[in-house]
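K.L.:
Take this structure, written in C-alpha cells, and hold onto it; I'll ask about it next.
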Ligand code: ATP
Ligand code: MG
C-alpha cells in the first residue's frame, strides 16, 4: 500500500446498532429484571441459533406476511447450497426446537428467550434491521388461564421496570372456521369499497384480507372501522375462551380495552391476540405483541399442541425507560488504584486482587498513550471513574508497608484521607462501602 493512500474506514451495517458502554447498564438492568420476572413465573430459558433453514419461516409465518414477503435476510450457503435465513422472530425456532427435542413429552412447558432478530425494514426511530426481542412461549396449555398469566407477567415486568403509560389491547380472532365465514363477508365488504383500497390492500384482498384491518393508511380508516367484526363471528367455545381471559384480568385489576381490529402479523395466531402499546414512541408504539397459536405445532408436523406466547421489542422498551426520566449512574468501579514507582506498581496488583477477592470492582491504573502516569493525571482518572475510593501506593507506602485510602466523594470539611497498614486495606474499604453505602454489589446503580 502506498504511504499516502487514505485508508477507508469501514462502518457498520445500516439499521444495525452498536450498543455502547454508556448504554450497557440500562441493558443489563433490563435483562436482569426480565430474567427475574420470568423466573418468578416458572419460565425456563431456551436459546436457539440465529440462523435457521429458510423454510422454517416461509412455512411457519405464512407466505403472505410482511416478514416473509419482504423483510427476511435470506441467503444461500455457498459451501453447500443450503437456503438459510437470519431469524426474523423466534416463535418458529422455539417450536422447531421443542419438536426436535420432544420438549413437551412430559407435559406442557413454559419457555422464554431473548436475543437479536433481523428484518430488512426501513430504519427509523424504533425500527431497526437488527433489533432485540424478549419472548415467552407456553407450549401445551389449552385454557384461557395461561393467556392471562402471560399478560400479567408483562404487567409485572412493566411495573418492575418503572414503566407507566403502556396500555393493553385485547381481541379474539377465533378459529379457522369462524375466520373463514368472517373472511367471506369481509372480502364482499371490501369489494364494495374497492375504490378506497390502497395497492397493498388490493393485493391482500383475496390472500389475506384480515391484514387489511391492520392498515395504517389514514384514508382507509373510516371504511375499515365499519368492516364486519370478527368478534361477531365467534362460536361458543371461542367466546368462552375469550371471556375466560377477561375474567382473570378483571379479577386482578389489569385494565384493557378490546380492539376488534387487532390482528397479528403472523398467520398462525388464533383466539386471543394482544398488544401492549404506548403513545410515547411516535408511530412505533407497539412494545409487545402476542397471542395464541394453537395450529402452529401441528403445522410443523407435531402432535396437536395448543400454545400461547408474546414477543417484546427491547429497543422500544429501553427508549421508554430513558424517557421515564430515571437516572442510572454507570460507575465503572468501587476502587481506583493509583501508584508511583516500579515497586508500588507490583504491590498494587497484589492489593487489587485482594480487593476483587472481597467482592469489589477495582480498576488498576495502567499505562496509556493518551494520559501521563503522573500522580495528578492518575487522580483525575480516579475521579472520572466514579469510584468511591482511590487506593494510593507511592514510595513511602511501599517502604512502610502501608497504603493511602482517599475518599473521592467526601463531604466538605471531612477528613478524606487515611494511611493504614497494607494488610488492613481490604477490610477497611469493605467496611466503609458496606457500612456507609449499603452496597448491594449488583453494580448497576439505578436510582428511581
Ligand atoms: P410492527 O407492526 O411495528 O412492524 P410487528 O407486528 O412486525 O410490529 P412483531 O413481529 O409482533 O412486530 O414483534 C414484536 C415486537 O418486536 C413489536 O411489537 C416491536 O416492539 C418489536 N419490533 C418488531 N419489529 C421491529 C424492528 N424492526 N425494530 C425494532 N423493534 C421491532
Ligand atoms: Mg413488522
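Values in this text are rule-based calculations from the coordinates and carry no lab data. None of these values were measured; they are calculated from a predicted model. Cβ: placed from backbone, ideal geometry, glycine included. Neighbour counts: every protein chain shown.
K.L.:
Measuring from label point to label point, each 7 Å out along Cα→Cβ, what is the residue 369 to residue 258 span in nm?
P.N.:
Between residue 369 and residue 258, the simple spin-label model gives 6.6 nm.
K.L.:
Something else: Would you kindly state how much longer the chain becomes between residue 36 and residue 383 on full extension, computed as 0.36 nm times their sequence separation minus their alpha carbon distance, in nm to one decimal?
P.N.:
Stretched fully, the residue 36-residue 383 segment lengthens by 121.6 nm.
K.L.:
Still on this structure: Can you give the helix-only mean residue ellipticity at 222 nm for the chain, where every DSSP H stretch with n ≥ 4 adds -39500 (n - 2.57) and the sum goes over all residues, rounded to the nearest 500 deg cm²/dmol?
P.N.:
Numbers: 14 runs with 155 residues, N = 448.
My calculation for the chain gives -10500 deg cm²/dmol from helical runs alone.
K.L.:
While we're on this one: Could you calculate the FRET efficiency of residue 191 with residue 222 from 1/(1 + (r/R0)^6), where r is the beta carbon distance between them and R0 is 25 Å, rounded to 0.05?
P.N.:
Once rounded, the FRET efficiency stands at 0.90.
K.L.:
A further question on this structure: Based on the alpha carbons, how large is the Rg to Rh ratio for the chain when Rh follows Kirkwood?
P.N.:
Result: Rg/Rh = 1.10.
K.L.:
Right, another one. Using a Gaussian network model of the chain with C-alpha springs under 10 Å, which one of 411, 352, 176 is most mobile by mean-square fluctuation?
P.N.:
411
K.L.:
Below 8 Å between Cα atoms, with a sequence gap of 6+, how large is the relative contact order for segment 335-438 in percent? Intermediate results must be reported in sequence, preceding the final value.
P.N.:
Numbers: 143 pairs, mean separation 29.8, N = 104.
Once divided by the residue count of segment 335-438, the mean separation gives 29 percent.
K.L.:
Separate question: For residue 50 paired with residue 358, estimate the spin-label separation in nm (one decimal), with each label point 7 Å from Cα along the Cα-to-Cβ line.
P.N.:
If labels sit at residue 50 and residue 358, their model points lie 4.1 nm apart.
K.L.:
Ranked by Cβ crowding within 10 angstrom, fewest neighbours first, how are 392, 420, 10 ordered?
P.N.:
So the residues, fewest neighbours to most, are 10, 420, 392.
K.L.:
Here's another thing I want to ask about it. Output the antiparallel fraction of DSSP beta bridges having both residues in the chain, as a percent to the nearest 5.
P.N.:
So the antiparallel bridges amount to about 80 percent of the total.
K.L.:
Which one, 193, 241, 35, has the greatest fluctuation when you compute a Gaussian network model over the chain with C-alpha springs under 10 angstrom?
P.N.:
193
K.L.:
Further, regarding this structure: Can you tell me, using C-alpha contacts under 8 Å and at least 6 residues apart, the relative contact order of segment 84-135 as a whole percent?
P.N.:
Normalised by residue count, the contact order of segment 84-135 is 35 percent.
K.L.:
Nearest 5 percent is fine: what portion of the DSSP beta bridges confined to segment 335-438 is antiparallel?
P.N.:
Details: 9 of 17 bridges.
If we restrict to bridges inside segment 335-438, about 55 percent are antiparallel.
K.L.:
For segment 335-438, take the alpha-carbon Rg, divide it by the Kirkwood Rh, and send me Rg/Rh. Could you put the intermediate results ahead of the total?
P.N.:
Working: Rg = 12.9 Å, Rh = 13.7 Å.
So for segment 335-438, dividing Rg by the Kirkwood Rh gives 0.94.
K.L.:
Only Cα pairs under 8 Å and at least 6 apart count here; give the relative contact order of the chain as a rounded whole percent.
P.N.:
14 percent
K.L.:
Continuing with the same structure: Compute the distance in nm between two label points, each set 7 Å from the Cα along the Cα-to-Cβ direction, one at residue 71 and one at residue 434.
P.N.:
5.0 nm
K.L.:
Using a Förster distance of 41 Å, how high is the FRET efficiency between residue 240 and residue 412, based on the Cβ-Cβ distance and rounded to 0.05?
P.N.:
FRET efficiency, residue 240 to residue 412: 0.05.
K.L.:
Run the numbers for residue 64 and residue 83: contour at 0.36 nm per residue of separation, minus the present Cα-Cα distance, in nm. Spell out each step's value before the answer.
P.N.:
Working: separation 19, 0.36 × 19 = 6.84 nm, distance 1.92 nm.
So the chain would gain 4.9 nm between residue 64 and residue 83.
K.L.:
In a Gaussian network model over the chain where Cα atoms closer than 10 Å are linked, find which of 321, 223, 153 has the largest mean-square fluctuation.
P.N.:
Evaluated over the chain, the most mobile residue of the options is 223.
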